[in-house]
Amino acid sequence: MNRQRFVHATLILPDRLVPDGSLTVRDGRIAAVGKTDRPENHPSADDLEIIDLSGRYLSPGFIDLHVHGGDGADFMDLTAEAFETVCRCHARHGTTSLTPTSTVAQVEHYHRFLELCQAYLRQDTGGARILGGHLYGPYFAEAARGCHPRLDFLSPDPKRDAEFLRFAKNGLTTITVAPELPGAEQLVRAAYEHGLLCTVGHSYATLPQVEAGLKWGIRHVDHLFCAMSDRARLRQSQSYPMRGGVMEATLLFDELTTEVIADGEHLSADLLRLAYTIKGPDRLALVTDAMRAVDQPDGEYWFGPIHQGERVCRRGNVGVMPDGNALASGVMGMDHAVRTFHRLTQAPLPEVIRMASLTPARILARDGELGSLEVGKRADLLILNEELEVLATIREGQTIYGQPLCRVK
């Protein structure tokens, strides 16, 4: 079981393409990586299934840091069926690991969300692997809520925060905090001590407030250019001197990693190029920010809990508010983000794939086992055609979408 050798593949490594490459999988792990014509670099093939990729790409599986739903389901539906539906949906688009991301909701909904994230650390989704939950919503600046529902916006409170933090590393991976909120410092310091990734999102903080957050333990900024303060917004409340906000802080501080929604609709090509040029492929991740309308037709959908969330619309390749005047969540998978970012920025393919695999793995401190085609790592693999379309998604050596092509043994 789980013993294959892929031959005549174009391997996508973090820094280069390897034509006519070979990769061996044993018991769900990568056992060897090298050139097809150098058998001395590979274990005995006697017990291996040989799969000839005929030049097709073999890529590490994608890792999505920021995803709400897909195929008609939202993680905030708070059912096992919804969790599995979303994970199977994103596996079709090349995602092998993800962090379920909540929306603004009621306090009891957050607890149920984290309980389900905890449960799926130990059971199979049938699709993408769950790495832990992203607590996203309670600690927003309400004025920066974007398309999120008007439900429970919380200020940090040590007693209530402790109820969330008890899931740290056992269901909870990431927590987003607007650093301008009263009590934010205490919450971030506690989350950091618990080993959580602390991020800034849906915030109208000033640059000095973000800089202070760096000292508390903030290390990442959610969806760059979206639902965040910048010089122009802050100038509305103070004409001079002009001040930097979250956007400028993200671009300024090397300590901060960030992410972009690369669907070609949320951000123009020039903004994607700006993010790539300043942050670089090791500090910039691609995310989908996808809602339940992925793989669904145009129309109106609930963002967040059904009947308690916010009504948003899918129009083509993007989510918008019903009046059409503001963006909502994403509606496309990670494969679309990879193709779009590669096309719009002309960034080298290994770097684009890195931003969808190894970079998010590093952001989550999971790069020791995920994110690249390296010996010893989990065999999370994608077979891609020349157009970067997903032909097969493989998680720990097991095909969870599509079929590996051209078995020869």
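At a glance:
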| quantity | calculated |
| --- | --- |
| Some residue of the stretch 146-163 being within 29 Å of Leu358 (Cβ to Cβ) and either of a type in the set (Lys, Arg) or touching a strand residue (DSSP E or B) at 6+ places or on another chain (Cβ under 6 Å) (or both) | no |
| Tyr204 being closer than 24 Å to Leu274 by Cβ, among the aromatic types (Phe, Trp, Tyr) and modelled with pLDDT of 95 or more | yes |
| The stretch 7-22, residues that are of a type in the set (A, V, I, L, M, F, W, C) and either within 20 Å of Glu351 (Cα to Cα) or assigned by TED's automatic domain parsing to the domain that holds Glu351 (or both) | Ala9, Leu11, Ile12, Leu13, Leu17, Val18 |
| Given (1) buried (at least 19 other Cβ atoms within 10 Å of the Cβ); (2) of a type outside the set (Ser, Thr, Tyr); (3) more than 15 Å from Gly70 (Cβ to Cβ), number of the condition Asn325 does not satisfy | (1) |
| Conditions (1) touching a Cys at 6+ places or on another chain (Cβ under 9 Å); (2) within 30 Å of Asp27 (Cβ to Cβ): number failed by Asp295 | (2) |
| Test: residue in the stretch 375-391 that is assigned by TED's automatic domain parsing to the domain that holds Val260 and charged (D, E, K, R) | no |
| Every residue from the stretch 302-327 that is in contact (Cβ under 8 Å) with a residue 60 or more places away in the chain and part of a strand (DSSP E or B) | Trp302, Phe303, Glu310, Val312, Gly319, Leu327 |
| In the stretch 119-142, residue farthest from Asp335 (Cα to Cα) [restricted to those that are in a strand (DSSP E or B) and of a type in the set (A, V, I, L, M)] | Leu135 |
| 2 or more residues basic (Lys, Arg) and touching a residue at least 24 places away in the same chain (Cβ under 8 Å): qualifying strands (runs of 3 or more DSSP E) within the stretch 1-110 | 3-12 |
| Residue in the stretch 27-43 that is outside the structural domain of Thr103 (by TED's automatic domain parsing), within 26 Å of His336 (Cα to Cα), small (Gly, Ala, Ser) and modelled with pLDDT of 95 or more present | no |
| Extreme residue, surrounded by the most Cβ atoms within 10 Å (Cβ to Cβ), among residues of the stretch 338-348 that are over 16 Å from Lys279 (Cβ atoms) and under 18 Å from the mean Cα position of the chain (by Cα) | Val338 |
| Residues being hydrophobic (A, V, I, L, M, F, W, C) and in a loop (DSSP other than H, G, I, E, B) - total across the stretch 278-296 | 3 |
| Within the stretch 278-299, considering residues that are free of Cβ contacts under 8 Å to residues at least 24 places away in the same chain and either within 20 Å of Gly324 (Cβ to Cβ) or of a type in the set (Phe, Trp, Tyr) (or both), the one surrounded by the most Cβ atoms within 10 Å (Cβ to Cβ) | Asp298 |
| Condition broken by Gly137, with the remaining ones in (1) buried (at least 24 other Cβ atoms within 10 Å of the Cβ); (2) modelled with pLDDT of 95 or more; (3) closer than 27 Å to Ile218 by Cβ satisfied | (2) |
| Of the criteria (1) under 19 Å from the mean Cα position of the chain (by Cα); (2) surrounded by fewer than 17 Cβ atoms within 10 Å (Cβ to Cβ), which one Asp367 fails | (2) |
| Count - residues of the stretch 379-406 that are closer than 20 Å to Pro350 by Cβ and surrounded by 22 or more Cβ atoms within 10 Å (Cβ to Cβ) | 9 |
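The values are calculated or read from the model by the stated rules, or taken from the named source; none is laboratory data. Not measured: the values here are computed from a predicted model. Cβ coordinates were reconstructed from backbone atoms using ideal geometry, including for glycine residues, and neighbour counts include every protein chain displayed.
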